[in-house]
Amino acid sequence: MKDFQLYNTLSGKKELFKPLAGKEVRMYVCGITPYDDAHIGHARCYIVFDLLRRYLEYLGYDVKYIQNVTDIDDKIIKKSRDTGKTPDDIAGKYFNEFLKSMELLNVRPATLYPRVSENIDEIIVFIKGLIRKGSAYESAGSVYFSTDSFKNYGKLSGRNPEDMLSADAEHAAEKKNKSDFALWKKDKEFSWESPWGRGRPGWHIECSVLSKKFLGEKFDIHGGGLDLIFPHHENEVAQSEALTGKNPVKFWVHNGMVNLKGDKMAKSTGNFFLLNDLLENYDPMIVRMYLLSTGYRQVLNFDISELADTKKAFNKLCEFKKELYQVFGKVPDSDKGKVKLPETVENVLNNDLNTSAAIGEVFKIVNPLTEKFLKGDFNKLDISQGLAAVSAMENILGINLSIDRGPDADRVEKLLEKRRRLREEKKYAAADKIRDKLLKEGIYIKDTLSGARWFRK
RNA sequence: GGCGCGGUACCCAAGAGGCUUAAGGGGACGGUUUGCAAAACCGCUAUUCGCCGGUUCAAAUCCGGCCCGCGCCUCCA
């Protein structure tokens with residue numbers, strides 16, 4: 001087995017993945033700000049990190065996966081003002097909906113989803129520490145991080161603050177330097193008591209605090225969308241390293257954006273496609289397969305018409321699984337334990353999680369086997385290869401292949417048996433009537449050399 | 001202006017110096033099979049990888065220039 005190579009934003013290269021300590025992998029992924037419905041871009045991100053988590057576990061690591069919930073935020077506060085609902089209610093509602101969608105997409109829950117609002121004390125302690133170290137200063141009731149004080153500022157994103165267009169003119173007067181950013185924001189309305197008066201945390205501080213609290217000062221993987229590299233993750237590195245003197249994260253992993261009509265999908269620009277609108281019309285497993293059919297670091301240009309292509313590919317694999325179980329004689333228990341993947345699949349996943357190639361390798365196994373199974377010309381090795389291919393799809397890529405065992409399966413089987421006898425007697429009109437009847441119910445029949453099969457489209 | 005990513009067949013999309021005279025999926029076309037149909041499978045669909053030069057025994061893969069698209073520098077997965 002070749003070793004797992006993972007792209008690290010910090011070095012700009014693929015690196016051999018090795019945890020900091022033993023068999024444990026500590027992973028932190030930036031979670032959502034629950035103020036509105038999730039779009040496809042959110043789904044992609046959490047599917048990608050679910051895949052990474054599954055693969056690490058397959059490789060034998062114990063993964064501790066922390067995903068924060070940003071339940072204090074300008075957008076939530078705005079929505080609260082607009083609707084009269086409390087920020088808590090809003091965050092709770094959308095977070096629950098997010099979890100429901102994730103469950104549909106077969107994204108396994110994180111180990112823990114800590115909320116910012118429940119960790120204010122730790123945030124204040126962290127900021128006090130930064131002020132004590134001379135890395136931050138209070139100004140007009142807010143606290144800012146002094147980017148000048150941190151010599152490595154820019155190391156993650158490869159930027160020089162001098163070269164960038166100026167930003168945040170609103171608070172420029174309060175800052176010593178234009179690239180300084182807020183750790184604590186003065187606020188009366190949605191606020192907590194602090195040594196600097198009433199206020200609430202800045203955006204970046206939560207991730208430094210929560211990762212340190214739950215994973216320690218140094219941990220293995222920090223993930224999130226590519227758009228978070230600057231300023232969010234850059235600032236996070238600055239805060240954490242300024243306080244502890246240690247480089248907090250070994251591997252920074254970022255997923256590519258989802259674009260719509262050529263531009264980035266984002267709530268703020270109105271250019272987005274809601275996840276729920278997609279899940280209502282497509283099997284979530286097809287959505288998952290679609291999102292994993294492009295490499296995770298590539299831009300994915302979302303086009304709903306391509307879902308139909310994925311659906312056909314997906315159905316083919318489902319058919320294969322059915323055929324496999326048919327020849328296997330029984331439906332095995334879904335593989336929860338350690339199942340060896342096909343070596344070709346493992347090789348491509350070891351190359352920075354190449355999911356496109358992994359799906360390609362699955363088809364390379366499945367296509368010739370399907371013919372063998374249909375002809376009844378197969379051996380034990382064929383079956384174990386088939387099972388390994390299905391396991392790769394289901395257990396690692398997380399794309400469950402349905403084999404459509406509904407409550408009316410017995411009824412359908414009986415009808416098919418009746419049709420078989422009619423065809424044997426060459427009573428084709430009567431046989432076709434059964435086929436038409438089932439077709440009206442959305443059930444398709446396919447005749448193979450080893451008997452009729454049925455499926456829903 | 002600064003930093004970064006990408007342009008591969010009709011569409012989607014891997015490959016990042018020789019294993020590939022470029023995976024896999026969809027589509028089109030031809031075939032096997034079939035009472036018919038559907039499905040499945042097989043074959044076929046890029047002598048070529050945005051354009052122009054260069055390095056090398058060897059380049060889609062490395063270097064230089066150019067053209068085009070996208071992301072970040074403001075909230076963002």
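Values as computed for the structure displayed
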| quantity | calculated |
| --- | --- |
| Cβ-Cβ under 8 Å pairs, at least 6 apart or on other chains, region A:356-380 side more than 7 Å from RNA strand B (Cβ to nearest atom), far side of a type in the set (D, E, K, R) and part of a helix (DSSP H, G or I) | A:Leu369/A:Asp382; A:Lys372/A:Asp382; A:Phe373/A:Glu323; A:Phe373/A:Asp382; A:Phe378/A:Lys372 |
| Residue in region A:42-60 that is of a type outside the set (Val, Ile, Thr), within 10 Å of RNA strand B (Cβ to nearest atom) and under 30 Å from A:Gly199 (Cβ atoms) present | yes |
| Matching option when the condition is in the same structural domain as A:Asn119 (by TED's automatic domain parsing), touching a Lys or Arg at 6+ places or on another chain (Cβ under 9 Å) and over 24 Å from A:Pro19 (Cβ atoms), among A:Gly197, A:Gly270, A:Gly225 | A:Gly197 |
| Given (1) crowded, with 18+ Cβ neighbours inside 10 Å; (2) modelled with pLDDT of 90 or more; (3) over 16 Å from A:Tyr55 (Cβ atoms); (4) not β-branched (Val, Ile, Thr), number of the condition A:Asn350 does not satisfy | (3) |
| Qualifying residues in region A:151-175 (those that are assigned to a helix (DSSP H, G or I) and of a type in the set (Gly, Ala, Ser)) - the one modelled with the lowest pLDDT | A:Ala169 |
| Qualifying residue in region A:370-383 (condition: of a type in the set (S, T, N, Q), out of contact with any helix residue (DSSP H, G or I) (no Cβ under 8 Å at 6 or more places or on another chain) and surrounded by fewer than 12 Cβ atoms within 10 Å (Cβ to Cβ)) | yes |
| Matching residues in region A:114-157 - criterion: being free of Cβ contacts under 8 Å to residues at least 40 places away in the same chain and either touching a Pro at 6+ places or on another chain (Cβ under 9 Å) or not basic (Lys, Arg) (or both) | A:Glu118, A:Asp121, A:Val125, A:Ile131, A:Gly134, A:Tyr137, A:Ser139, A:Tyr144, A:Ser146, A:Asp148 |
| Residues of region A:16-29 satisfying the condition of being surrounded by fewer than 22 Cβ atoms within 10 Å (Cβ to Cβ) and either among the basic types (Lys, Arg) or within 15 Å of RNA strand B (Cβ to nearest atom) (or both) | A:Lys18, A:Lys23 |
| Identity of the residue in region A:261-277, out of contact with any helix residue (DSSP H, G or I) (no Cβ under 6 Å at 6 or more places or on another chain) and within 30 Å of A:Arg456 (Cβ to Cβ), that ends up nearest to RNA strand B (Cβ to nearest atom) | A:Leu274 |
| Residue check for A:Leu16: over 16 Å from the mean Cα position of the chain (by Cα) and either within 22 Å of A:Ser268 (Cβ to Cβ) or without any contact (Cβ under 8 Å) to a residue 40 or more places away in the chain (or both) | yes |
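The values are calculated or read from the model by the stated rules, or taken from the named source; none is laboratory data. Given the structure is predicted, the values throughout are model-derived calculations rather than measurements. Quick reminder, even Gly has a Cβ in these numbers, built from the backbone with ideal geometry, and neighbours come from all protein chains shown.
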